[in-house]
1. In whole percent, what relative contact order does segment 95-219 give with Cα contacts below 8 Å and a gap of six or more residues?
2. Got a sec to turn the phi values of segment 61-75 into Karplus ³J(HN,Hα) couplings, 6.51 cos²θ - 1.76 cosθ + 1.60 with θ = phi - 60°, whole Hz, x for Gly and Pro?
3. Treat segment 20-133 as a sphere of radius equal to its Kirkwood radius over Cα pairs and apply Stokes-Einstein at 20 °C in a medium of 1.002 mPa s; give the translational diffusion coefficient in µm²/s, rounded to a whole number.
4. Looking at segment 1-66, which trypsin sites (Lys or Arg not before Pro) are DSSP coil and have at most 16 other C-beta atoms within 10 Å of their C-beta?
5. Collect residues whose amide H, placed 1.01 Å from N in the peptide plane, falls under 5 Å from the amide H of Leu98; neighbours closer than 5 in sequence don't count.
6. Identify the chymotrypsin sites (Phe, Trp or Tyr not before Pro) of segment 18-119 meeting these criteria: DSSP loop state and at most 12 other C-beta atoms within 10 Å of the C-beta.
7. Identify all lysines with a Cα-Cα distance to Lys80 below 29 Å; exclude those on the same chain that are fewer than 8 residues away in sequence.
8. Rounded to the nearest 20 debye, what is the charge dipole size of segment 8-109 about its Cα centre when +1 sits on each Lys and Arg Cβ and -1 on each Asp and Glu Cβ?
Amino acid sequence: MAEGHRQRLKSRFLEYGLDTFNEINALELMLFYALPRQDTNPLAHRLLDRFGSFAGVLDADYAELIEVDGVSDHTATFLKTLPDAARYYQRSKLSGRLVLPTLTDIGEFLVKQFVGVTSERVLMLMLDNGRSLISCEKLHEGSVSSAAVSIRMMAELALKRRAAAIVLAHNHPSGIAVPSPDDIIVTREFKNAMITLEIEFIDHFIIADNKYCTILNKL
């Protein structure tokens, strides 16, 4: 019975895609690959009961996941790879071919890079002279500061990628898209440093709750 159910879900996915699944079935399908010899339906129910939604399960911290009965280290690690894999896929697919000519274009791109990110993270976009994306790279896991993210680190990456312009971005996971006084200070430091290096510093974006703001206009 269980094997037949697995095959039906796999066939349904291949024919119609994940959009036709409810959250239980979608989570079951994911869990097939962490638990290949087990009925994953009860565990999918326990996870959804605990975290409220499919997104809630994938956003949950590793430590919270392994508290759920039936979730091993292997299963928790697998679930944590899924949001990162989606972001990695998008960056890989678009890198070098995506043009981001305006702050709105950049902001909309960055919001997608922080979907499912529950800890503070600092990213840097590197663009060429035509504003095509060269690379989007994680600089730091944690709050942005001149100590954690050095000017030298940014400059070395930009030079390595032959970037003509850069964008700094970080998120406020449990806050709002409004810069703190420290964010403004760090932005001013980075802007002045990039002027010296003749690398265009386009802006520093704050991302929160699928919204964004920029900082240069507040300096």
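Each value in this text was obtained by applying a stated rule to the coordinates, not by laboratory testing. All of these numbers come straight from a predicted model, not from anything done at the bench. Cβ atoms come from the backbone with ideal geometry, glycine included; neighbour counts cover every protein chain shown.
1. Working: 224 pairs, mean separation 32.6, N = 125.
Relative contact order for segment 95-219 comes out at 26 percent.
2. 5, 3, 4, 6, 4, 6, 6, 7, 4, x, 9, 8, 4, 4, 5
3. Approximately 135 µm²/s, per Stokes-Einstein.
4. Passing both the DSSP loop test and the Cβ count: Arg37.
5. Leu133
6. Passing sites in segment 18-119 are Tyr33.
7. In chain and number order, the partners are Lys10, Lys93, Lys112, Lys138, Lys211.
8. Using only the charged Cβ atoms, the result is roughly 500 debye.
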